[in-house]
Structure formats: C-alpha cells, structure tokens
C-alpha cells in the first residue's frame, strides 16, 4: 500500500512541477528606464521562453483578474525585460513572469514588493559646454520626453550671482549667455522629472575660458617675426632668381687665351701705328690702279 | 465700512488661496501622456459608438458652466465616475487598446491620490453646483445600456481631458 502512495506523484505528473518558475525577480530602474530581470530556467539544451505580465494598481484594486501582457516580452527568450513602455503611471505595478517550454508552462513568479517608478535612480545629466564665438552654449544628454533640465551658469568671479535656465528639450544646443572677454564661465545641470516630482543631483561644474579681444602676446610676436622674415626673404629670393635666370638665358662670353691681350693700351696703340704705315705703303699702287 | 472692506479682503484672499491650491493640486500630472494614450485608441473606440446623438458628459451644458471653486470637486467626482463605472463596465479584448485604457486608468488613480491630499487640506470643497453636475453625468450614463454607456463615456475622454487641461494648468516647478 505504501508503495502505491509513493507512486501517486509520479502518476499525476503536473506541468508545473516539470518546469520550474523563474526565481530571483528584481528590477533595475535608472533615469525612468526599468529593466526586470530573473534567474534563467535551465532545462538541458531546450530553449526556454518567458512571458511577462503586469497589473497596475487600478487593476489590482478594481479588476484583480486582469493581467496585461508586456508589450515587448510576451514572449521573450532572454531572462530580462524592458518594461519602460508598460509602466506609464506613478502607481505601484505588480509584475509576474513564467517559463514556457513547448506546451508546458511554469507557475507564475510575482515580483515582491510591487514596483513604483518614483523609486527610479536619477543620475546627473551628461552635458557638453562649448563656445560659439562669444556665446556660451550647452548640449544636454537626451533622456526622453519625461525629463526637464535645470541649468545653472555663472561667471567665476567673487560676488557674481548664479543664473538658472529651465530647458525642456534635450539633444539640442541651448544658448545660455553672451560672454565677456577674458572671463571664465561655469555651468552645471540637474534633471527634473515632473511625473514623479523628483530632481537628480547636480552634475560636476564645467568651466570655459573666454579669450581676450586683442591677440595674445605670443601670437603677436610670432606674427611679427614671420612678417620680418617675409620682408627679407622675399626680395632676396627674387634677386637670386633674377640672377639665375639671366645666367641661364644669356650666359657671358669667355675669350680664348690666344686672343687675350696682356700688354698695356699705350704699347698697343704705338704698335698699331707702325702696322698702319706698313699697310699704307703696300696698298698705294692699288689705289693708283683704280685712278687710271 | 472698515469691517465690510476687511471681510471683502479676507474673502478675496481665501478665494485666491483656494484657486492657487487647485492649481497646486495637479502640478505633477503628466497630462500630455494621458492625452497621447487616448489619441491612439480614440478612432477605434468612437467607431464603435452607435448612439451619436447622445452625450454623457454634456460638455456644453455641464462642464463648461463649472465655476473655478467647483473645479476640484467636479474633477474628483468625474475621476471616480470613470474609475468606478466606465473602466469597470467596459470589457476590452484587444490587448493594445487594453494597454492604453490601463495607462489612462492608472493615471486617473494617481490624479485621484493627488486630489485626495487637497481634500485632506480642505482645498476641495463640494458645493451644490458641483453635486448637480456630477448627478447629470451619472443620470446620462444610466439612461443607456451599460456597455454602450461605457463605450460612449470612453469615447468622450478627450472632452474630459481637455477640460482638466484648461482648468488645471500647472504653475512652474519650484
């Protein structure tokens, strides 16, 4: 008889017993992005699917039998689910997950305690502070339509007040102020989520320095030296080029050694007179011939 | 003379405080999301409404005549009307429409909690006109068959949301 009783559970195989329910359900929520995770269900080499359902506080109070399939995770094959698009009101939400293998389903595991999006962790926003000419410009991290930003900026001088600007859209550069020359400006920002009435902490301040209207000394010196160099080098180059061109186009003539005259000009002249007289005596009869 | 002036000043101050209290009541409400959720299902819902000549909210007669002092009470009553009757009586089978109705219903629940705080601070007084307006809405609802009434009321959510938006414009966050 006792053998029969021990065999009963084996005879009445329950689908729930075969497929264990997912364990260790937890939520990580940062900047209004909510991720539900759980420990994976392992059944050998089989691919396990999971189904996620949610129930807002309204449903749990007025129609507790209604559970709504998650928009992204019914079904899913990974042991996590982005439920951001499902959690759309600032009330507690019940969440449940079960494993599916072919036609078998596990029992539901329910997240305890229920999740309210006002418990999300808000981090200081990323920001990029730049100068556009004389304009101080900031570009804020895009965190979605639920986020507004409080941007505080000031000139880093004693006694100067902080300005605050509310920015409702992110991702687009925002002009903060027209800066004065030779001044340092600092900027910091925090997020505000109206739906949960909470602010993040302020980001670390980022400072930018505005340059003066006159050129810095180093730049001026460099420009002067460069100018002087140009003033000297350019004419020199032109003159050198000119000489090169002249010699290449019209090179100078060099007398051979045999034609080089080494005596003085006076001796050359006296030598020439003697030659002329000798040439004149020889030439005369020819002229007489031409006369007759 | 002095006494009447003093009384007038006090009444004026109390009214201002009351109005400001109303405005503070819904400062955190993200109405834009609720409106967007409804716009996505409006066509599907209104297409099923077969009683075109009847209205539940009676916008022109009821809502538009609500005085500022009665706004908080009427808002609270109409939120309860939708949560206790309309959403419960409507049986929605389409999962996508069900998600949007759930989003709106849970948002209404949050709004009701905010107004509950105002009520505890005695900033949400219910006078005779507010009670009359609420009764008219319930009477209109009762004249139709339950499912048709629920469907029609769902279809008139844009009227209710626009009225809330007009009467509860939030002040800037402090």
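Before moving on, here are some points about what is shown:
- Residue within the stretch A:92-109 that is at the interface with chain B (Cβ under 10 Å from one of its Cβ atoms), touching a strand residue (DSSP E or B) at 6+ places or on another chain (Cβ under 8 Å) and buried (at least 22 other Cβ atoms within 10 Å of the Cβ) present: yes
- The residues of the stretch A:39-54 that are more than 11 Å from chain B (Cβ to nearest Cβ) and either free of Cβ contacts under 8 Å to residues at least 12 places away in the same chain or within 20 Å of residue A:71 (Cα to Cα) (or both), listed by number, are A:42, A:44, A:45, A:48, A:49, A:50, A:51, A:52.
- The stretch A:55-87 - residue that is more than 8 Å from every other protein chain (Cβ to nearest Cβ) and part of a strand (DSSP E or B) and, of those, nearest to the chain's Cα centre (by Cα): A:82
- Yes/no for residue B:158 being modelled with pLDDT of 90 or more and out of contact with any strand residue (DSSP E or B) (no Cβ under 9 Å at 6 or more places or on another chain): yes
- Which numbered condition residue A:173 misses (of (1) farther than 30 Å from residue B:110 by Cβ; (2) under 22 Å from the mean Cα position of the chain (by Cα); (3) modelled with pLDDT of 90 or more): (3)
So that you can scan it fast, the table gives a plain yes or no per residue for (1) within 14 Å of the chain's Cα centre (by Cα); (2) not in a loop (DSSP other than H, G, I, E, B):
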| position | (1), (2) |
| --- | --- |
| B:43 | no, yes |
| B:53 | no, no |
| B:88 | no, yes |
| B:105 | yes, yes |
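- Test: residue in the stretch B:27-34 that is more than 14 Å from chain A (Cβ to nearest Cβ), modelled with pLDDT of 75 or more and within 27 Å of residue B:138 (Cβ to Cβ): no
- Residues that are within 30 Å of residue B:41 (Cα to Cα) and assigned to a helix (DSSP H, G or I) do not occur anywhere in the stretch B:117-128.
- Residue selection: residue A:131 satisfies the criterion of being surrounded by fewer than 16 Cβ atoms within 10 Å (Cβ to Cβ), in contact (Cβ under 8 Å) with a residue 40 or more places away in the chain and part of a strand (DSSP E or B).
The values are calculated or read from the model by the stated rules, or taken from the named source; none is laboratory data. Note that the structure is a prediction, hence the values are computed from the model and not measured. Cβ atoms come from the backbone with ideal geometry, glycine included; neighbour counts cover every protein chain shown.
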